[in-house]
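Read the structure below first, then the notes.
The values are calculated or read from the model by the stated rules, or taken from the named source; none is laboratory data. Quick caveat: nothing in here was measured; it's all calculated off a predicted structure. Backbone-built Cβ (ideal geometry, glycine too); neighbour counts: all protein chains shown.
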Amino acid sequence: MTAPARGGYRSRDLLIVAAFTVLLLAPSLGKAYTIDEPYFLLAARHILRDPLHPGAALINWYGEPVALWRNHPYPPLLQYILAAGIKATGGAEWPMRLLMFPFDLGAAAALYLLAARFLARPLLPTLIALACPAYAINMQLLMAEKWVGALGFLGLYALVRGVEDDRPRLLAAFAALAGVAMLVKYSALFLLPAAAFYLAAKRVPRARLFSCLALAAAPAAAYVLYQWLSGQMTPWGFVFGGARPPSCGWVNRLRAMAACVGGCGAAVWFWPVLALRRDRSLAAPAAAGAVLAGCLFVPALDWESVRGVDRWTGLAFSSAACLAMACWFRSVRKRMPGWELWGPWALSVLGLQLALHRYVTARFMLFMIVPVILGMASALERTFEEAPLRRWHLATLAASLVLSLSLASVDAYYTRSQKVFAQAVREEYIDKGKTVWFSGHLGFQYYLERAGAKPLDRSRGGWDEARPGDLVVVPQANTTVLVPSSPRRSKKRYLTMIHPLPLRLIRGWDCQAGFYASIWGFLPYAFSTEPVEQFTVVELL
């Protein structure tokens with residue numbers, strides 16, 4: 001068939017993308033703080049008190065108070081952005097999320113503009129990328145990925161326009177946007193290999209190529225040098241230092257990466273099957289991928305007990321990911337429109353995830369899923385007529401929305417339970433003069449500290465610091481929960497949170513749900529009816 005002409009962007013479609021983003025993300029504006037949001041908010045509140053020493057904040061995040069720079073080597077820009085937001089709004093959930101919402105609109109618009117440079121019909125593929133769970137759930141959060149997406153997508157669009165329209169100033173714009181993105185989070189480094197390959201493939205003069213990359217890397221490199229000279233933890237110190245739990249092993253990480261790609265988007269399920277119907281030569285790589293996935297999930301490679309349903313879910317997701325990657329790689333090898341960008345972009349994210357990240361997280365893998373979706377969309381445009389392809393795209397979009405909204409409902413219930421429980425603890429115990437301690441972090445820590453509870457401190461004896469008559473509250477679906485060094489006489493109460501949808505994003509008991517980090521499990525989400533959360537209230541006697 002005749003290849004469709006690239007359509008360029010349409011103002012009407014851009015408005016549709018903006019409206020879709022509002023409808024998709026606006027319901028989360030009142031979402032309780034969760035995962036690492038409280039960590040950055042605590043650091044931001046410290047900046048309001050001491051703006052010149054952002055890394056000096058003491059945070060009891062892993063069981064004892066430690067300076068921020070000792071926990072993680074994050075660059076400080078995100079904390080300053082959040083500090084400005086707290087100054088303007090007071091830090092309540094919906095005003096903070098509303099204040100930062102323009103970045104979500106900017107990221108979505110930039111992604112559409114970027115897709116429109118290579119696709120004849122970019123609207124539906126863009127909406128499908130926005131609707132996949134990795135994007136729709138993570139971009140709600142006040143964490144680095146929101147700004148990495150907004151700045152990175154806009155930067156890549158500037159890069160492409162700068163090359164195709166021969167506008168060197170836009171290359172400088174890319175360098176500036178990528179440089180700021182890396183000051184938000186170092187993992188935005190994936191932008192540089194993608195840009196380098198694209199510039200080289202387009203035969204941009206070497207002097208211009210290297211100056212563009214050098215300008216982009218300079219701000220982050222300067223801050224890393226400052227960290228090293230001042231004796232703070234550096235990115236390489238964080239990556240290569242410290243003990244690694246079994247969940248960081250290669251097998252678990254490979255399982256988690258494959259399952260994340262295969263489970264976080266209906267495009268990864270539908271489109272490869274559609275391509276296989278037309279191109280039978282994909283059958284061999286599809287079969288090979290299924291065999292590889294099967295080898296990855298053999299019981300002998302387990303580091304812990306794995307439920308049968310989780311093993312088969314992981315195998316299904318990973319097989320879908322292998323077929324999708326075969327289709328995507330074929331589009332790159334055949335040099336479909338955009339191959340010079342989609343290929344190195346996805347591979348650089350994959351390489352960074354393998355080499356530098358201890359845990360596999362959907363919030364980083366989304367930056368691989370996006371170019372895989374757009375690369376496959378480019379190949380499908382060259383294979384199918386518009387009418388049947390549009391029907392497939394609409395079905396894919398509907399399936400992605402159903403999955404993402406279902407997962408978002410469970411996730412919102414989990415996050416809200418932390419806030420509601422903290423309010424109940426304050427009203428029932430703290431306001432009546434009881435001393436309440438807690439162990440655990442994430443949103444659980446944030447709301448209990450604001451309610452007046454105290455974190456247990458490993459350096460001060462942990463549970464031994466609590467006295468008879470005190471209460472200690474602990475969550476189930478959490479990490480770094482301290483346990484007593486010896487048995488304590490106590491009475492226990494349990495509050496169990498149940499959600500009717502059999503989907504779980506965070507493991508509390510036996511399932512392998514690890515959407516936010518593979519430390520919980522190798523699946524982005526699991527099919528399970530286990531409680532979403534269970535809080536234990538321990539009254540010491």
Across (1) touching a helix residue (DSSP H, G or I) at 6+ places or on another chain (Cβ under 6 Å); (2) aliphatic (A, V, I, L, M); (3) under 30 Å from Gly249 (Cα atoms), Leu442 clears everything bar (1)
* To do: For Ala120, indicate whether it is closer than 27 Å to Ala399 by Cα and assigned to a helix (DSSP H, G or I).
  => no
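Does Pro168 meet the test of being in contact with a Gly (Cβ under 7 Å, 6 or more places away or on another chain) and of a type outside the set (Val, Ile, Thr)?
yes
Confirm whether Gly162 is in a helix (DSSP H, G or I), in contact with a Pro (Cβ under 9 Å, 6 or more places away or on another chain), over 30 Å from Gln79 (Cβ atoms) and not aromatic (Phe, Trp, Tyr).
Judged against the criteria, Gly162 is a match.
Matching residues to (1) hydrophobic (A, V, I, L, M, F, W, C); (2) over 21 Å from the mean Cα position of the chain (by Cα); (3) crowded, with 20+ Cβ neighbours inside 10 Å:
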{"site": "Gly443", "(1), (2), (3)": "no, no, yes"}
{"site": "Glu449", "(1), (2), (3)": "no, yes, no"}
{"site": "Gly469", "(1), (2), (3)": "no, yes, no"}
{"site": "Val483", "(1), (2), (3)": "yes, yes, no"}
{"site": "Ser490", "(1), (2), (3)": "no, yes, no"}
{"site": "Asp510", "(1), (2), (3)": "no, yes, no"}
{"site": "Trp520", "(1), (2), (3)": "yes, no, yes"}
{"site": "Leu540", "(1), (2), (3)": "yes, yes, no"}
Residues in the stretch 320-370 that are among the basic types (Lys, Arg), under 23 Å from Ala286 (Cβ atoms) and under 16 Å from the mean Cα position of the chain (by Cα) total 0
Subset of the stretch 197-231, residues hydroxyl-bearing (Ser, Thr, Tyr) and within 29 Å of the chain's Cα centre (by Cα), comes to Tyr198, Tyr223, Tyr226
**Prompt:** Looking at the stretch 174-189, is at least one residue among the small types (Gly, Ala, Ser) and either outside any helix (DSSP H, G or I) or in contact (Cβ under 8 Å) with a residue 60 or more places away in the chain (or both)?
**Reply:** yes
Going by the conditions given, is Leu78 in the same structural domain as Val148 (by TED's automatic domain parsing), surrounded by 21 or more Cβ atoms within 10 Å (Cβ to Cβ) and within 22 Å of the chain's Cα centre (by Cα)? yes
Pairing a residue in the stretch 453-481 that is free of Cβ contacts under 8 Å to residues at least 60 places away in the same chain with any residue that is of a type in the set (Val, Ile, Thr), where Cβ atoms lie under 6 Å and the two sit 6 or more apart in sequence or on different chains, gives Ala453/Val436; Val481/Val474
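Considering Ile128, Ile137, which residue is part of a helix (DSSP H, G or I), crowded, with 24+ Cβ neighbours inside 10 Å, in contact with an Asp or Glu (Cβ under 7 Å, 6 or more places away or on another chain) and modelled with pLDDT of 90 or more?
Result: Ile137 is the single residue among Ile128, Ile137 that is part of a helix (DSSP H, G or I), crowded, with 24+ Cβ neighbours inside 10 Å, in contact with an Asp or Glu (Cβ under 7 Å, 6 or more places away or on another chain) and modelled with pLDDT of 90 or more.
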Result of the Cβ filter at 7 Å on the stretch 402-419, keeping first residues that are under 14 Å from Gly508 (Cα atoms) and partners that are in a helix (DSSP H, G or I) and of a type in the set (A, V, I, L, M), at least 6 apart or interchain, is Asp411/Ile137
Across the stretch 283-312, the tally of residues that are in a helix (DSSP H, G or I) and either free of Cβ contacts under 8 Å to residues at least 60 places away in the same chain or under 22 Å from Met376 (Cβ atoms) (or both) stands at 20
